[in-house]
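Data first, discussion second: the structure below is written as structure tokens.
The values are calculated or read from the model by the stated rules, or taken from the named source; none is laboratory data. Keep in mind the model is a prediction, meaning the values are calculated, not measured. Counting neighbours? That spans all protein chains shown, and the Cβs are built from the backbone with ideal geometry, glycine included. Each accessible area value is taken on the protein alone, full model and side chains, heavy atoms only, with ligands, DNA and RNA left out. Shrake-Rupley method; radii C 1.70, N 1.55, O 1.52, S 1.80 Å.
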Amino acid sequence: MANDPMVEAAGLVKHFGRTKALQGVDLVIPRGTVHGVLGPNGAGKTTAVRILSTLIRPDAGTARIGGHDVVHEAEKVRSAIGLTGQYASVDEDLTGRQNLVLFGVLLDLGRRSARARAAELLSWFDLTEAADRPAKTYSGGMRRRLDLAASLVGRPDVIFLDEPTTGLDPAKREDMWDVVRSLVRDGSTVLLTTQYLEEAEALADEITVIDHGRVIANDTPERLKRIVGGQTLEVRPSDARDLPRAAEILSRVSAGAAAEQIRAGVLAVPVDGDAAMAEAVARLTAEGITVTELSLHLPSLDEVFLTLTSAGSSKVPSEVSA
């Protein structure tokens, strides 16, 4: 079924000496979705991925990929997953094509099938022209694309992308996002760790925030924004001389909160709901105040992240705490 969990983790614990990397992490990722995992450096994101991909064992807790236990059925798990880490795993002395064929042979595709799959992936990732050059001659973006291609040789059901766009320029990052969307359309399930908040917002169906080895929030991007903060109404009057009157109107719309000038010529005020925009438009029109900008928006994911991970997570609302 489409909503069956492909990734399930319960109470994952992992310590490295005195470092408590994970302290009881739970995850449930439905089939055919992108799940974003966010957190500051050292929060435990990569440790969780390494456990789920069978690279290390948890000290406590359980995890299953496609119904298979990551400890007791590690071989079955490995045959169902692909992993792209923060650093390229390809052999830089081999060509792009040789790298992909090698992965195919190691996955028992057979040499002919491995060559066909390599050609398919090289085309998909726009690497055909560079296919027969050594990987060490590739740019950073090309290496990242080759690394992701290598993780897809076996057509995995679950793909772990651990900060896959680190070091890519914005255009190449967008290209990688398109690849991720294509993977999900084809039926794959993706766990994405990232420090780019706009990346999580662009791709993730659901987000888990980890801090100090614990899950401190888990929800859709939209609901996380609504829980952490309300909506903000922003207005830029056409005539700067109307700013004082517009500020007074916005304060009435917000039921008493004072409107503030957040940048030159732009006023902002917190509001309780969508109806505030219509009321503001009606009041501004009645006063003869025209505007060049008018928007109603939730907090950015950056604001959500900063609120959730600030000072010991004591500010995290109980509704989103693990």
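Numbers for the structure displayed
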| item | result |
| --- | --- |
| 16 Å cut-off, amide nitrogen to a point 7 angstrom out along GLU248 Cα→Cβ, residues in the stretch 260-277 | 260 |
| Pairwise Cα inverse-distance average, inverted: Kirkwood Rh of the stretch 89-162 (Å) | 11.9 |
| Surrounding net charge for VAL28, when Lys and Arg each add one and Asp and Glu each subtract one, Cβ distance under 14 Å | -4 |
| Stokes-Einstein D in µm²/s, Kirkwood radius over Cα pairs - the chain at 37 °C with 0.692 mPa s viscosity | 149 |
| Residue-normalised accessible area of the chain, expressed per residue, 1.4 Å probe, Å² | 49 |
| Using alpha-carbon coordinates, inclination of helix 111-124 to the longest axis of the chain, degrees | 20 |
| Residues whose placed amide H lies under 5 Å from that of ALA217, excluding near-sequence neighbours | VAL209, ALA322 |
| Net charge contributed by nearby residues that have their C-beta within less than 11 Å of LYS225 (K/R +1, D/E -1) | -3 |
| Sites ALA257 and ASP302, calculated FRET efficiency, Cβ-Cβ separation with R0 35 Å, nearest 0.05 | 0.95 |
| Lys/Arg +1, Asp/Glu -1 at C-beta; the chain dipole; positive extreme among THR128, ALA247, LEU38 | THR128 |
| Label point at ALA264 placed 7 Å out along Cα→Cβ; residues across the stretch 277-301 whose backbone nitrogen lies under 17 Å | 292-293 |
| Cα long-axis angle, helix 275-286 against the chain (0 to 90 degrees, to the nearest 10) | 40 |
| The chain: angle of helix 170-185 to the longest principal axis, Cα-based, in degrees nearest 10 | 70 |
| DSSP loop trypsin sites (Lys or Arg not before Pro) with at most 16 other Cβ within 10 Å excluded, longest remaining stretch of the chain | 19-314 |
| Subset of LYS45/LYS172; LYS20/LYS136; LYS14/LYS76; LYS136/LYS172 violating a 26 Å alpha-carbon distance limit | LYS20/LYS136 |
| Surrounding net charge for GLY141, when Lys and Arg each add one and Asp and Glu each subtract one, Cβ distance under 13 Å | 0 |
| Stretchable slack from SER113 to VAL28, in nm (0.36 nm times residue separation minus alpha-carbon distance) | 27.2 nm |
| Karplus-derived 3J(HN,Hα), 6.51/-1.76/1.60, for each residue of the stretch 90-107, Hz, glycine and proline x | 7, 7, 6, 7, 8, 6, x, 4, 4, 4, 5, 5, 4, 4, x, 5, 5, 8 |
| Heavy-atom accessible surface of the chain: percent carbon and sulfur, 1.4 Å | 50 |
| Chain lengthening between THR220 and ALA278 when straightened (0.36 nm per residue, less Cα-Cα) | 18.2 nm |
| Reachable lysines, given that their alpha-carbon falls under 18 Å from the alpha-carbon of LYS225 and they are not under 8 places away in the same chain | LYS315 |
| Rg/Rh for the stretch 215-284, where both radii come from Cα atoms and Rh is the Kirkwood radius | 1.08 |
